[in-house]
Amino acid sequence: MFTWIRYNIKGDRWIWLIAIVLSIIGLLSVYSATSLLAFQNKGGNTEFYLLKHFMLISFSFIAMWFAHKIDYKYYSKISLMGLYISLPLLFFTYKFGVNINEASRWISIPIINMAFQPSDLAKLSLIIYLSSFLAKKQHDLENIKTLFMPFIWIGLICLFIALTNLSTALILGATSILLMFISRVKIKHLSLLILFILFSGGIALLTGQRGYTAVSRVENFINKKNISYQLEHSYIAVSTGGFFGKGPGNSNQKNFLPQSSSDFIYAIIIEEYGFIVGVSILILYLILLYRGLRIFLKSERPFGGLLSAGLSFYIVIQAITNMSVVVGLLPVTGITLPLISMGGTSQLFTGITLGIILSISRHNSMEEENNYSYGY
């Protein structure tokens, strides 16, 4: 078994380890948060959602393994196709998607009865496309005309995502700006991109499904009034967890806190496992970002380095945003905690994303070995 692992599990071992640890934490927390719900809705079968989440984790790791075995340069060739597919899917979701909490973010897949979130495909495709474009045009980025097409793609994708999910669009926009910044795009050009993203966000606020909700959440956050039922119970969970927590399965708020297994699972983790585990999870995400940026610095090919940085930025920004919402540092959003929250396609695409980063790491290691063999 160890021989198989040594020859088949390649890339940064720290990333593999972090993914495994966070997934185990997620499995335990989802089981605790959903046990009563499963008992009530699934005929007393308290393990129903545990087994479902375990299957999703398994599929995500299988996807991660396959993605890390594929040469990362192949993803550049299909990124534009992913963008072209994403736009009509996002519009279809906006008009005809499954509506949950006044937002249509999912498409129901017949036969297998699964929900697919097109924004997952769109954001992955956009980051790959931008990394490829910036790598190819690295010597011509001072010309604003060169940046016209990526600006258009960023604006369109962020606009279509923001129609139903403003927070995801803002995180994707921030990641795009960071990716261009480390590619040495001029600040004045980045300022135009920021204005373009804000313009797209303004259109989404006026025409999208969640414009009024987003504005009211920001107003309540700034004014510190009208704390929602969800936030109130999240704060209770966090404040009563203490240093070491109440112990696995002993959360009181899991029976009252809406979305306790997805958007607000971090509150349940702190309540049951305490401040120590809560901070440890944050540190694990920061280590993940460090490893992704380390791959960026070691990459001899610009595309691989930028892609590792962009994907790492997105995962960690999403994680920090989710945790910040739970502890009251940001307004409420509808995003999950990567690798931990219960989800469908989000779990799968997180696995693919990490697999691509590992593919870049694997390729870097192979190049180092070849250079060493030839005495470079």
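The values are calculated or read from the model by the stated rules, or taken from the named source; none is laboratory data. On a predicted model such as this, the values are computed, not experimentally measured, just so you know. Heads up, the Cβs are rebuilt from the backbone with ideal geometry, glycines too, and the neighbour counts pull from every protein chain shown.
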- Query: Would a scan of segment 255-268 turn up a residue that is crowded, with 16+ Cβ neighbours inside 10 Å, in contact with a Lys or Arg (Cβ under 8 Å, 6 or more places away or on another chain) and assigned to a helix (DSSP H, G or I)?
  - Reply: yes
- Message: Given the condition without any contact (Cβ under 8 Å) to a residue 40 or more places away in the chain and not assigned by TED's automatic domain parsing to the domain that holds V215, answer yes or no: does some residue in segment 349-363 qualify?
- Response: no
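So that you can scan it fast, the table gives a plain yes or no per residue for (1) modelled with pLDDT under 75; (2) among the hydrophobic types (A, V, I, L, M, F, W, C); (3) under 30 Å from R294 (Cα atoms):
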position: L17; (1), (2), (3): no, yes, yes
position: T34; (1), (2), (3): no, no, no
position: G44; (1), (2), (3): yes, no, no
position: A67; (1), (2), (3): no, yes, yes
position: K77; (1), (2), (3): no, no, yes
position: Y84; (1), (2), (3): no, no, no
position: F92; (1), (2), (3): no, yes, no
position: I109; (1), (2), (3): yes, yes, no
position: I112; (1), (2), (3): yes, yes, no
- Query: Where residues in segment 94-103 are more than 20 Å from S125 (Cβ to Cβ) and not in a helix (DSSP H, G or I), which of them is modelled with the highest pLDDT?
  - Reply: V98
- Long-range neighbours under 6 Å by Cβ, at least six apart or interchain, first residue charged (D, E, K, R) within segment 18-42, second modelled with pLDDT under 85: K42/F48
- Over segment 121-165, the set of residues more than 14 Å from L192 (Cβ to Cβ) and touching a Lys or Arg at 6+ places or on another chain (Cβ under 7 Å) is T164, N165
- Query: G343 is checked against (1) more than 19 Å from the chain's Cα centre (by Cα); (2) part of a loop (DSSP other than H, G, I, E, B) and fails just one. What number does that condition carry?
  - Reply: (1)
- Task: Report, by residue number, each residue of segment 269-301 that is of a type in the set (S, T, N, Q) and part of a helix (DSSP H, G or I).
- Result: S280
